[in-house]
Amino acid sequence: MSENLVIINGGDSEQFTFVQMLEATIRQGTNEIVLRNPKDNRSIKLKAKIEAETEIKPEFENLVKVWKKATHHYSFIRQKIVHPAYLRIIGMGEKVLPFILEELRERPSASWFPALEAISGNDAAQTAKSVDEAVQSWLSWGKRQSYLTV
Amino acid sequence: MTAEEIAEIFPNLKNYQITSPADYRYNCIAWAAGDTKNWWQPSDSPYLFWLRDDKSDSLENCIEVFNILGFNDETDSASEPEFEKIALYIDADGLPSHAARQKENGFWTSKLGEAEEIEHDTPDALEGETYGKVKIILKRPRTKVQNLL
């Protein structure tokens, strides 16, 4: 990857190539670096993303597996959202939002809306007229908030 | 759901067949009402469908909804081809938990939440810890339009 990226760190910014930026990140040992590609303005938090992929994602996927097996056959959302695994997912907080949204995109379910509302404090689907519309509303919200890539 | 999972969740379910794949868009109440496009549940959320303004989570509310659809007479599970029947279940807390519909061939059909639809021989085959018990069975005259479901 050879596009130039801008590192935003505490208000200062320097322009590096992607590879140089990575090296700079490790040497500096900073905790919060936002990478932004000026070409399309996409941005990610590098260190947070590494942590999410190696720690949060496996835990989330395991909880989803347990939760779905126990509740997939229920017809009332109240029955699904009281399961301990679901509550644990909510307890993981904002860091789990990208994974919930990816799960919602790949395997839609109305059961995810309470978790998304609880974690984000938003109700992106307040005008949706169907589950499909609510799914799209949340996915659009996720993209606007940069929790989901385009 | 696998056969093993179904056996574990519904230990009384012996004779059944899966009749459609999993679908997140509609649930058991919707399927009992003949709708495969909406998730039926009393809720203030606009994306969940309910026929009444009353959004209370109660068996009575479910009964009223099916009354609106013409299921007004309480009955038993015996097959009467001239009637279409629905069975409403309640869980251990007395809350609605499931709905099943009897087909013209006498077998019952249920949507297992977001999972598959199954055809089963009796409504009590799904009774147990998961869905609770059948609380009431209602019927309405079967018409040609309904038979298209």
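The values are calculated or read from the model by the stated rules, or taken from the named source; none is laboratory data. Not measured: the values here are computed from a predicted model. For neighbour counting, all protein chains shown are included, and Cβ atoms are generated from backbone atoms with ideal geometry for every residue, glycine included. Side chains included, ligands, DNA and RNA excluded: accessible areas come from the protein's heavy atoms. Shrake-Rupley method; radii C 1.70, N 1.55, O 1.52, S 1.80 Å.
Using a 10 Å cut-off on Cβ to Cβ distances, tally the other chain neighbours for every residue of B:27-35 and report the average as a whole number. Numbers along the way, then the final one.
Details: counts 6, 4, 2, 1, 1, 1, 0, 0, 0.
Mean partner-chain Cβ count within 10 Å for B:27-35: 2.
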Next on the checklist: Can you give me the solvent accessible area of B:Asp124 with a 1.4 Å probe, rounded to the nearest 10 Å²?
Outcome noted: 70 Å²
Next on the checklist: Run the reach check for B:Lys55 against aspartates and glutamates, Cα to Cα strictly under 14 Å, same-chain hits fewer than 8 apart removed. What comes back?
Outcome noted: B:Asp44, B:Glu64
Checklist outcome for this item: Rounded to one decimal in nm, the spacing of the 7 Å Cα→Cβ label points at A:Glu53 and A:Thr149 is 0.9 nm
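Return the FRET efficiency for the residue pair A:Glu94, B:Asn67: r is the Cβ-Cβ distance, R0 is 41 Å, and the value is rounded to the nearest 0.05.
Efficiency, rounded to the nearest 0.05: 0.35.
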Next on the checklist: Could you tell me the center-to-center distance, by alpha carbons, between the stretch B:21-75 and the stretch A:102-150 in angstrom?
Outcome noted: 23 Å
Checklist entry - Which length gain, in nm to one decimal place, applies between A:Arg107 and A:Val66 when the Cα-Cα distance is subtracted from 0.36 nm times their residue separation? => result 13.2 nm
Next on the checklist: Let me confirm one metric for peptide A:66-74, namely the mean number of other chain beta-carbon atoms within 10 Å of its residues' beta-carbons.
Outcome noted: 6
Checklist entry - What do you reckon, how do B:Phe83, B:Phe71 stack up by accessible area (1.4 Å probe), largest on top? => result B:Phe83, B:Phe71
Checklist outcome for this item: For the stretch B:32-40, Karplus-derived ³J(HN,Hα) couplings (6.51, -1.76, 1.60; θ = phi - 60°; whole Hz; x for glycine and proline) come out as 5, 8, x, 10, 10, 10, 10, 9, 8
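Is chain B best put as rounded, prolate or oblate by its Cα gyration tensor, with a ≥ b ≥ c the root eigenvalues, rounded for a/c under 1.5, and otherwise prolate when a/b is larger than b/c, oblate when not?
Details: a/c = 1.34, a/b = 1.10, b/c = 1.22.
It comes out rounded by the Cα gyration axes.
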Checklist outcome for this item: Of A:72-78, B:6-12, ordering from highest average Cβ density within 10 Å down gives A:72-78, B:6-12
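Pairs A:Lys68/B:Lys111; B:Lys14/B:Lys135; A:Lys57/A:Lys129; A:Lys80/A:Lys143; A:Lys65/A:Lys95: which are spaced more than 24 Å apart, C-alpha to C-alpha?
Details: A:Lys68/B:Lys111 16 Å; B:Lys14/B:Lys135 21 Å; A:Lys57/A:Lys129 31 Å; A:Lys80/A:Lys143 26 Å; A:Lys65/A:Lys95 18 Å.
Listed pairs above 24 Å: A:Lys57/A:Lys129; A:Lys80/A:Lys143.
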Item to check | Scattering curve values for the stretch A:74-113, log₁₀ I(q)/I(0), Debye with Cα scatterers, q = 0.26 Å⁻¹ | outcome: -0.97
Checklist entry - Once the piece of chain linking B:Asp23 and B:Ala78 is laid out straight, how much longer is it, given 0.36 nm per residue of separation minus the C-alpha distance between them? => result 16.9 nm
